[in-house]
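Data first, discussion second: the structure below is written as structure tokens.
Each value in this text was obtained by applying a stated rule to the coordinates, not by laboratory testing. From a predicted model like this one, the values you see are computed outputs, not experimental measurements. Positions of Cβ are backbone-derived with ideal geometry, glycine not excepted, and every protein chain shown enters the neighbour counts.
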Amino acid sequence: MTTSLQKSHIHRTVLNNGIVVLLSENPTADIIAARIFIRAGSCYESRDKAGLAHLLSAVLTKGCDGLSSLEIAERIESVGASLGADTATDYFLLSLKTVTSDFAEILALAGQILRSPTFPEAEVELERRIALQDIRSQKEHPFSIAFDQLRQIVYQDHPYATSALGDESTMSHITRMDLERFHQTYFRPDNLVISIAGRITPDAAVAVVEKVFGDWQAPVDTPLPTLNLPNLTVQPQVAIVPQQTQQSIVMLGYLGVAVHSTNYAALKLLSTYLGNGLSSRLFVELREKRGLAYEVSAFYPTRLFPAAFVVYMGTAPENTQIALAGLQKEVDLLSTTPLAEVALQAAKNKILGQYALGKQTNGQLAQLYGWYEILGLGIEFDREFQELIANISIADAMTVACRYLQEPYVSLVGQEEAIKSAISS
């Protein structure tokens, strides 16, 4: 017995084995995109196995029962389809896209890969070497160094403190058995969301998912592990990495909220106002008017647990101190000076316009609705988010800034004299 629900143009069905199937019916193009979400991102790794979910995503499509890496690739490419795995902090993802007539075949292949990967030892070692190269490469980029440092001081013992790649030590020590154990623990039907968008009816979509996954049962006597993550407290500090670079990276971080918080939308709007695009406050004030920044921006990711609200700037070494003061001043103004109505409305228009543009393709639709479902927000969040943004008042924005955007964590990377003088003054 399955349960089914329709909200607007999204059909939601729960299969007997716990799989949630979402369908955004879109008959305009003869293409179907699907996203298979699993609650198994880097948050679910132990600290000494950081990078495990990433390595799993790299080797998942490199072999399954009965098929080699080459045979999988040939099956996908012979019909012009695409299929790939990825990982994020809060979830694991298998993505596919195909013409409508080949959807059943490619979904069946995805099911085979998802349920019975073989993790060939040679492929594991190859992908590990690639990951280690990526980790070393990031150490050459001042922005990556600054952000990695900021994450560590903000999150301490929380999994968000580490990159999805882990570090050289953890990545080097992940075994094939670790991959198998992680897969066995989290890859189960009651931990899965399958989000589909394209030219297919709800009944046909459910039928093809039932055919591929209907016989898959969750282990009766093994409940899903619960995440016991440390509580986060705000303890602002300064961290520096002296490096002989052509520019200083100045980065301020503030501990924000999770996506489920009532204050999430206001922080998202403030991030857009401060640092999204050429008309943003930081760009206009610090780059256009004062010529301080090579690059300047803000970001505030959507997370299942409290996310960092970050502003940063790349500037000439001699401007490091002024840049740090300038960034902090612009954030502080949010708490002391009400936004002008025209500025607030412009930020709303920008965020809602970009949101609408992010829902044009079948892949984008499948991604969005599946993402909301796996985060526990539900498909209604699509409408709710837009309403939340539209209803934010000047007072709301100021209240949230006063609560969350006060004492920053500071991460600086650059020439030793420049960054040390910036924090000593």
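Some observations on this one:
- Segment Asp203-Arg47, length gained on full extension (0.36 nm per residue, minus Cα span): 51.9 nm
- Taking each residue as 0.36 nm, the span from Asp221 to Glu416 lengthens on full extension beyond its C-alpha to C-alpha distance by 64.5 nm.
- Excluding same-chain neighbours fewer than eight residues apart, the lysines reachable from Lys348 by a Cα-Cα span under 21 Å are Lys268, Lys359.
- 222 nm mean residue ellipticity, helices alone, for the chain (DSSP H n ≥ 4; -39,500 (n - 2.57); rounded to 500): -13000 deg cm²/dmol
- Between Ala325 and Gln364, the C-beta separation translates, for a Förster distance of 30 Å, into a calculated FRET efficiency of about 0.15.
- Projecting the Cα atoms of Ala418, Gly314, Leu255 onto the charge dipole of the range 238-424, computed from C-beta unit charges around the Cα centre, puts Gly314 farthest toward the positive end.
- Spin-label model, Gln345 to Asp102: label points 7 Å out along the Cα-to-beta-carbon direction sit 4.9 nm apart.
- FRET E, pair Tyr355, Ala239, Förster distance 51 Å, beta-carbon r, rounded to 0.05: 0.90
- Dipole of the range 238-424 computed with +1 at Lys/Arg Cβ and -1 at Asp/Glu Cβ about the Cα centre; of Ala239, Gln364, Leu324, farthest Cα towards the positive end is Gln364.
- Under a Gaussian network description of the chain, with springs only between Cα atoms under 10 Å, the residue in Asp221, Asp30, Asp157 that fluctuates furthest is Asp221.
- Between Thr118, Thr175, Thr315, the GNM of the chain built on Cα springs shorter than 10 angstrom shows Thr175 fluctuating the most.
- Of the residues Ala88, Ala298, Ala340, the one that moves most in a GNM of the chain with alpha-carbon contacts below 10 Å is Ala340.
- Stretchable slack from Lys211 to Gln246, in nm (0.36 nm times residue separation minus alpha-carbon distance): 6.8 nm
- Electrostatic dipole magnitude of the chain [Cβ: Lys, Arg +1; Asp, Glu -1; Cα centre; debye, to 20]: 780
- Set of lysines near Lys211 by C-alpha distance (under 28 Å), chain-local residues within fewer than 8 positions excluded: Lys7, Lys62, Lys97
- Set of the range 44-84 residues, backbone N closer than 13 Å to the point 7 Å along the Cα-Cβ line of Ile130: 54-63, 69-70, 73, 84
- Most to least packed among 191-203, 351-363, 406-418 [average Cβ atoms within 10 Å]: 191-203, 406-418, 351-363
- Pairwise FRET efficiency - Asp332 versus Ile423, Cβ, R0 = 25 Å, nearest 0.05: 0.90
- A simple spin-label model places the labels of Cys402 and Ala122 6.5 nm from each other, with each point 7 Å out along Cα-to-Cβ.
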